[in-house]
Amino acid sequence: MEKKYDLTVAYRIYPKISCTPAIYGDDKYKLSEFCLKSFKESLGNLKVKMIVLLDGCPPKYRELFLKYFDESDIDFFELDKIGNLPTFSLQINLLLKQNYSEIIYFAEDDYYYHPNQFFEMIDFFNKNDDVDFITPYDHSDYYNRNIHNIKRYERMYNGRQWKTASSTCLTFLTSKKILDETQNIFLTYQKGNTDLGLWLSLTKSSLDPKIIIKSLNIYTIKSLYKTFVLTQDQIHNGKTWKLWFPIPTIATHLEKEFISPTINWENIVSKELNK
């Protein structure tokens, strides 16, 4: 019988810099360890199975995961630089096939997490029937992009505020059941859909014509066009799913221009660089 876990994580990692990081911008290995260490600390006492996708990584990246997780709790997949789109599709496939846990998590390699807070996402997911997806990331776009100027559901739960979002990136929590029902939408990412576009088709909260008109720029036009072409049936006939995010944030993407506004990033950097 397979060991049961509280959570199964598909964590994909690539050894090159793919954006402009807010720290360790010229050293992906240091950035990777900074993020992985914070992720492990955020998990606290949760029993976690790690499915690690090493995409063209040298051996030291495998050792990095073994530094923070027991080998028995890791399934490694060595990949030959297959890239962003195929690794996301592989995450979907592996998370659907595994029987370690019902709760699952898609993880990218450039997020910082607050310690001992991950369990709050699982608790919020399990205790609220209208929670389909959770991002740990209170994205800066929610505050300054018209496409995110939506009517939100809001809820206080165990001292933290939660709100619904129209979209997020590709780091998120859900269940096997929900992923199975929505996998065809997520798989359109490999056909050219954007992360914004696929989330908009699932949540539908930014598809009001008034919001669209106010939001038009090159990226949103591309995203809307792709998602209307690739996910028409979901948009017109599919279920409306709810995506939630925490305030203050539990994690932040480390792209320099998109650090969460509800995190004291300067303090975190100071502690890291002066340790």
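Listed values, structure above:
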{"quantity": "Tally of residues being outside any loop (DSSP other than H, G, I, E, B) and either surrounded by 19 or more Cβ atoms within 10 Å (Cβ to Cβ) or among the basic types (Lys, Arg) (or both) across the stretch 142-167", "calculated": "9"}
{"quantity": "Selection within the stretch 122-147 - free of Cβ contacts under 8 Å to residues at least 40 places away in the same chain and within 18 Å of residue 252 (Cβ to Cβ)", "calculated": "144"}
{"quantity": "Cβ pairs under 8 Å, 6+ apart, first in the stretch 205-223 and closer than 14 Å to residue 148 by Cβ, second of a type outside the set (A, V, I, L, M, F, W, C) and part of a helix (DSSP H, G or I)", "calculated": "206/148; 206/215; 211/146; 212/220; 214/146; 215/146; 223/197"}
{"quantity": "Residue 184 vs. criteria touching a Lys or Arg at 6+ places or on another chain (Cβ under 7 Å), farther than 15 Å from residue 132 by Cα and at pLDDT 95 or above", "calculated": "no"}
{"quantity": "Residue identified as under 20 Å from residue 249 (Cα atoms), within 14 Å of the chain's Cα centre (by Cα) and not in a helix (DSSP H, G or I) among 196, 173", "calculated": "173"}
{"quantity": "Meets criteria (closer than 19 Å to residue 36 by Cβ, surrounded by fewer than 21 Cβ atoms within 10 Å (Cβ to Cβ), of a type in the set (Phe, Trp, Tyr) and touching a residue at least 60 places away in the same chain (Cβ under 8 Å)) for residue 119", "calculated": "yes"}
{"quantity": "Filter result for residue 227 (surrounded by 15 or more Cβ atoms within 10 Å (Cβ to Cβ), within 19 Å of residue 116 (Cβ to Cβ) and among the polar types (S, T, N, Q))", "calculated": "no"}
{"quantity": "Within the stretch 181-207, tally of residues that are of a type outside the set (Ser, Thr, Tyr), in contact with a helix residue (DSSP H, G or I) (Cβ under 6 Å, 6 or more places away or on another chain), surrounded by fewer than 22 Cβ atoms within 10 Å (Cβ to Cβ) and over 14 Å from residue 234 (Cβ atoms)", "calculated": "2"}
{"quantity": "Neighbours by Cβ (under 7 Å, 6+ apart or cross-chain): first from the stretch 157-182, in contact (Cβ under 8 Å) with a residue 40 or more places away in the chain; second in a strand (DSSP E or B) and of a type in the set (Lys, Arg)", "calculated": "162/155"}
{"quantity": "Filtered residue count, the stretch 1-58, keeping only those that are crowded, with 21+ Cβ neighbours inside 10 Å, assigned to a loop (DSSP other than H, G, I, E, B) and among the hydroxyl-bearing types (Ser, Thr, Tyr)", "calculated": "1"}
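The values are calculated or read from the model by the stated rules, or taken from the named source; none is laboratory data. Quick caveat: nothing in here was measured; it's all calculated off a predicted structure. Every residue, glycine as well, gets a Cβ built from its backbone with ideal geometry; the counts of neighbours run over all protein chains shown.
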